[in-house]
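Participant: Structure incoming, see below.
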Amino acid sequence: MNSLRNSVRLVGNLGMDPEVKTFDTNKKLARVSLATKETYKNNKGEKITETQWHNLVIWGAQAQLVEDLLKKGDEIAIEGRIANSNYTDKDGNKRYVSEIVVNEFLKLGGRN
């Protein structure tokens, strides 16, 4: 049951080409946005589609695979955990960031 504590699984489409950074130690970091959609009917019977955007962070060998295999529009499935952080911007405002640190991903197909 411990694996359920901070676990996220999503299927969606990439909203951008991966941004990959290589550090001095040759460790890689990939960042990408993932769009998930939910469709339902409102009380008037109208079909409504809502899109949620998720910021993904992928490290190491997985980041290399992301760089080699994925591009904007690709459909992927991910498994990971939520990580929250904060920082102070240049104007002195405190900003909060939520990201999904990806443990595994699976490319499902190209753009729908």
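The values are calculated or read from the model by the stated rules, or taken from the named source; none is laboratory data. Computed from a predicted structure; not experimentally measured. Methodologically, a virtual Cβ is constructed for each residue, glycine included, from the backbone with ideal geometry; neighbour enumeration extends over all protein chains shown.
Participant: Could you tell me which of the residues LEU70, LEU34, LEU29, LEU106 is modelled with pLDDT of 95 or more, within 10 Å of the chain's Cα centre (by Cα) and not hydroxyl-bearing (Ser, Thr, Tyr)? Give the steps one after another, and end with the answer.
Facilitator: Numbers: LEU70 fails: within 10 Å of the chain's Cα centre (by Cα); LEU29 fails: within 10 Å of the chain's Cα centre (by Cα); LEU106 fails: within 10 Å of the chain's Cα centre (by Cα).
Just a single option satisfies the conditions, and that option is LEU34.
Participant: If we scan region 5-19, do we find a residue that is more than 15 Å from VAL101 (Cα to Cα), of a type in the set (Lys, Arg) and free of Cβ contacts under 8 Å to residues at least 24 places away in the same chain?
Facilitator: Within region 5-19, not a single residue is more than 15 Å from VAL101 (Cα to Cα), of a type in the set (Lys, Arg) and free of Cβ contacts under 8 Å to residues at least 24 places away in the same chain.
Participant: Additional query: What pairs come up if the first residue lies in region 44-73 and is farther than 18 Å from LEU29 by Cβ, the second is aromatic (Phe, Trp, Tyr), and their beta carbons are under 9 Å apart, counting only those six or more places apart or on different chains?
Facilitator: LYS47/TYR40; ILE48/TYR40; THR49/TYR40; GLU50/TYR40
Participant: Right, here's the next one. Which of the strands (runs of 3 or more DSSP E) contained wholly in region 13-112 include at least 1 residues that are in contact with a helix residue (DSSP H, G or I) (Cβ under 8 Å, 6 or more places away or on another chain) and not small (Gly, Ala, Ser)? Break it down stepwise before answering.
Facilitator: Values: elements: 19-22, 28-41, 47-59, 75-88, 94-109.
Strands (runs of 3 or more DSSP E) meeting the threshold: 19-22, 28-41, 47-59, 94-109.
Participant: In this structure, is ILE100 touching a residue at least 60 places away in the same chain (Cβ under 8 Å), within 19 Å of MET16 (Cα to Cα) and aliphatic (A, V, I, L, M)? Don't jump to the end; show me each part of the working.
Facilitator: On the way: touching a residue at least 60 places away in the same chain (Cβ under 8 Å): yes; within 19 Å of MET16 (Cα to Cα): yes; aliphatic (A, V, I, L, M): yes.
Taking the combined requirement at face value, the residue satisfies it.
Participant: Out of (1) closer than 22 Å to LEU14 by Cβ; (2) surrounded by 10 or more Cβ atoms within 10 Å (Cβ to Cβ), the odd one out for THR39 is which?
Facilitator: All conditions pass for THR39, except number (2).
Participant: Can you name the condition, by its number, that TYR87 falls short on among (1) aromatic (Phe, Trp, Tyr); (2) under 14 Å from VAL32 (Cβ atoms); (3) loosely packed, with under 13 Cβ neighbours inside 10 Å?
Facilitator: Against the list (1) aromatic (Phe, Trp, Tyr); (2) under 14 Å from VAL32 (Cβ atoms); (3) loosely packed, with under 13 Cβ neighbours inside 10 Å, TYR87 comes up short only on (2).
Participant: Okay, moving on. Output the residues belonging to region 1-12 that are under 19 Å from the mean Cα position of the chain (by Cα), loosely packed, with under 13 Cβ neighbours inside 10 Å, outside any loop (DSSP other than H, G, I, E, B) and not aliphatic (A, V, I, L, M).
Facilitator: Passing the criteria: only ARG9.
Participant: Also, quick follow-up: Quick one: which of ASN55, ASN86, ASN93 is within 16 Å of VAL20 (Cβ to Cβ), of a type in the set (S, T, N, Q) and modelled with pLDDT of 95 or more? Please lay out each step first, then the result.
Facilitator: Working: ASN86 fails: within 16 Å of VAL20 (Cβ to Cβ); ASN93 fails: within 16 Å of VAL20 (Cβ to Cβ).
None of the others qualify; the one that does is ASN55.
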